[in-house]
Amino acid sequence: MIALAGCSKRQRVVVVGSKGMELMLELHRRGYLLAAAAGNCGRPTGQYHVALVDWRRRTLHALEPTMDWLMNFLGPRAVLVVWVDAQKPAANDSLRASVTKRGFVIVRGAVHECGCALLARRSQDYPVQKAA
């Protein structure tokens, strides 16, 4: 389970991926009662503060339409966590480019034997980087 470091338990979290319901229930058990899976997240009105995208065992190409769909659910100061399988550096560059082109600044990345994770924030949170 990826820890949502820095995420308040009062923030709305949307979980996307094949194990979305399972991860949502685990978040509920950990006290994140405002977590929702993609299947029950409501209409896209920018209501979520955090998105956890579990994209293990799926292609990055298939992630593109999901990311486009997800963007309207996230608020202007949203945090995005994308969890994928361990992959080659070129695929990591492609994932980073995909996240960046959607208006996010990558804050941190982690590589582990069970996969790779990226933590990104909307670029409005980083006005100096946005201007550069």
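The values are calculated or read from the model by the stated rules, or taken from the named source; none is laboratory data. Predicted, not measured: the structure shown is a model, and the values here were computed from it. Positions of Cβ are generated from backbone atoms using ideal geometry, with glycine treated the same way; all protein chains shown enter the neighbour counts.
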### Query
When only residues in the range 97-122 that are farther than 17 Å from TYR48 by Cβ and touching a Phe, Trp or Tyr at 6+ places or on another chain (Cβ under 7 Å) count, which is modelled with the highest pLDDT?
VAL105
### Query
Among the residues of the range 11-33 satisfying the criterion of being in a loop (DSSP other than H, G, I, E, B) and more than 16 Å from the chain's Cα centre (by Cα), which is surrounded by the fewest Cβ atoms within 10 Å (Cβ to Cβ)?
GLY31
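Look at ARG57 and say whether it is out of contact with any His (no Cβ under 9 Å at 6 or more places or on another chain), surrounded by fewer than 16 Cβ atoms within 10 Å (Cβ to Cβ) and modelled with pLDDT of 90 or more.
Considered against the rule, which asks whether it is out of contact with any His (no Cβ under 9 Å at 6 or more places or on another chain), surrounded by fewer than 16 Cβ atoms within 10 Å (Cβ to Cβ) and modelled with pLDDT of 90 or more, ARG57 comes out as no.
Condition first: of a type outside the set (Lys, Arg) and free of Cβ contacts under 8 Å to residues at least 24 places away in the same chain. Now tell me which residues in the range 43-67 satisfy that.
THR59, HIS61, ALA62, PRO65
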### Message
Looking for something among the polar types (S, T, N, Q), in contact with a strand residue (DSSP E or B) (Cβ under 9 Å, 6 or more places away or on another chain) and farther than 24 Å from GLY109 by Cα - is there at least one such residue anywhere in the range 10-20?
### Response
no
### Message
Tell me whether the range 100-107 contains one or more residues that are in a loop (DSSP other than H, G, I, E, B) and either at positive phi or of a type in the set (A, V, I, L, M) (or both).
### Response
yes
### Message
Given the criteria closer than 23 Å to GLY103 by Cβ, in contact (Cβ under 8 Å) with a residue 40 or more places away in the chain and either out of contact with any His (no Cβ under 9 Å at 6 or more places or on another chain) or not aliphatic (A, V, I, L, M) (or both), does VAL84 qualify?
### Response
no
### Query
Given (1) at pLDDT below 80; (2) closer than 22 Å to LYS19 by Cα; (3) among the acidic types (Asp, Glu), where does ASP125 come up short, assuming only one miss?
(2)
## Note on the structure
If you go through VAL50, VAL107, VAL111, the only one that is β-branched (Val, Ile, Thr) and buried (at least 18 other Cβ atoms within 10 Å of the Cβ) is VAL50
### Query
Which residues, taken from the range 77-97, are surrounded by fewer than 17 Cβ atoms within 10 Å (Cβ to Cβ) and farther than 20 Å from VAL13 by Cα?
ASP85, ALA86, GLN87, LYS88, PRO89, ALA90, ALA91, ASP93, SER94, ARG96, ALA97
### Task
Among the numbered conditions (1) farther than 24 Å from GLN124 by Cα; (2) of a type in the set (Lys, Arg); (3) in contact with a strand residue (DSSP E or B) (Cβ under 7 Å, 6 or more places away or on another chain), tell me where LYS88 comes up short.
(3)
## Note on the structure
Note: among ARG57, ARG77, ARG43, just one is outside any strand (DSSP E or B), among the basic types (Lys, Arg) and under 26 Å from SER94 (Cα atoms), namely ARG57
